[in-house]
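In what follows, a single structure is set out as structure tokens and then discussed.
The values are calculated or read from the model by the stated rules, or taken from the named source; none is laboratory data. In this text, all values refer to a predicted model and were calculated from it rather than measured experimentally. Don't worry about glycine lacking a Cβ; one is built from the backbone with ideal geometry, like all the others, and counts go over all protein chains shown. Surface areas here come from the heavy atoms of the whole protein model, side chains and all, with no ligands, DNA or RNA. Shrake-Rupley method; radii C 1.70, N 1.55, O 1.52, S 1.80 Å.
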Amino acid sequence: MAPLETPPASQPSTDAQAGATQPGITTSTTPSAPVEAPLTDEQIVAVLDAANKKEIDEAQLAQTKAKHKDVKAYARVIAQHHTEAKAKQAKLIKKLGLTAADSDKSKQLADETQQAVDQLKALQGADFDQQFVALMVKDHQTTLDLLDRRVLPDAKNADLKAMVEKELRPTVEKHLKDAEALAQKLAPAATTAGTGAE
């Protein structure tokens, strides 16, 4: 009987290895999944600033590199709206006497901005257009999620919360819808399967 028990003993190690891979998948796709400390208003300000800067930097690049006129027009709107949002936010911060304070989240956004801009710079023509629009969809989904899950629940100042809820969030949501519509418009030009809606 003892020899039969030995092979199963070696099996849990392979199960453990298989099990170890699966939790790894969850954490690698969602690095923000672990419990995070609530953001302070000062950190929220820095996060919003970093999010606006990301959109502005990517959109300014698209205004010069995009090939499709609709992509150029969308990039112009994104740059304008996020520049206005940044200015409004700066005015509010001054009024409230807040000072932006970096957090892991704002630093992460700054790193992502640099990576995204570098990747976009390497692309040309239709490849650039599609990558930019895909990035806009992803960015705005991520920002909405960030606003709903972290910024709005964590914001203490009523004016800051109101600005996010009444001005920033609806604008980000509209940008997302516009980016999704633009992605569909560009899709027939690509060789992606499943675009028989034309």
Let me spell it out: the conditions are (1) among the hydrophobic types (A, V, I, L, M, F, W, C); (2) open to solvent by 20 Å² or more (accessible area, probe 1.4 Å); (3) under 22 Å from residue 43 (Cα atoms), and residue 160 meets all of them except one. Which number is the exception?
(2)
Filter result for residue 45 (more than 14 Å from the chain's Cα centre (by Cα), surrounded by 15 or more Cβ atoms within 10 Å (Cβ to Cβ), modelled with pLDDT of 95 or more and more than 22 Å from residue 186 (Cα to Cα)):
yes
Scan 100, 79, 37 and give me the residue that is crowded, with 17+ Cβ neighbours inside 10 Å, without any contact (Cβ under 8 Å) to a residue 60 or more places away in the chain, aliphatic (A, V, I, L, M) and not in a helix (DSSP H, G or I).
100
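Go through the range 109-133 and report how many residues are in a helix (DSSP H, G or I), in contact (Cβ under 8 Å) with a residue 40 or more places away in the chain, surrounded by 14 or more Cβ atoms within 10 Å (Cβ to Cβ) and not aromatic (Phe, Trp, Tyr). Steps first, answer last, please.
Restricting attention to the range 109-133, the residues satisfying the condition of being in a helix (DSSP H, G or I) are 109-121, 125-133.
Next, from what is left, pick out any that are in contact (Cβ under 8 Å) with a residue 40 or more places away in the chain: 109-110, 112-113, 116-117, 120-121, 125-126, 128-130, 132-133.
Those still in the list that are surrounded by 14 or more Cβ atoms within 10 Å (Cβ to Cβ) too: 109-110, 112-113, 116-117, 120, 126, 128-130, 132-133.
Narrowing the set further to residues that are not aromatic (Phe, Trp, Tyr) leaves 109-110, 112-113, 116-117, 120, 126, 129-130, 133.
Within the range 109-133, residues that are in a helix (DSSP H, G or I), in contact (Cβ under 8 Å) with a residue 40 or more places away in the chain, surrounded by 14 or more Cβ atoms within 10 Å (Cβ to Cβ) and not aromatic (Phe, Trp, Tyr) number 11.
Taking the range 109-121, which residues are more than 14 Å from residue 48 (Cβ to Cβ) and not basic (Lys, Arg)? Before the answer, list the steps.
To start, the set of residues in the range 109-121 that are more than 14 Å from residue 48 (Cβ to Cβ) comprises 111-112, 114-121.
Residues satisfying the conditions are 111, 112, 114, 115, 116, 117, 118, 119, 120.
Considering each of 30, 40 in turn, give the residue that is modelled with pLDDT of 95 or more and not aliphatic (A, V, I, L, M).
Numbers: 30 fails: modelled with pLDDT of 95 or more.
Step by step, each of 30, 40 is checked, and only 40 is modelled with pLDDT of 95 or more and not aliphatic (A, V, I, L, M).
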Can you give me the number of residues within the range 54-74 that are surrounded by 21 or more Cβ atoms within 10 Å (Cβ to Cβ) and within 16 Å of the chain's Cα centre (by Cα)?
4
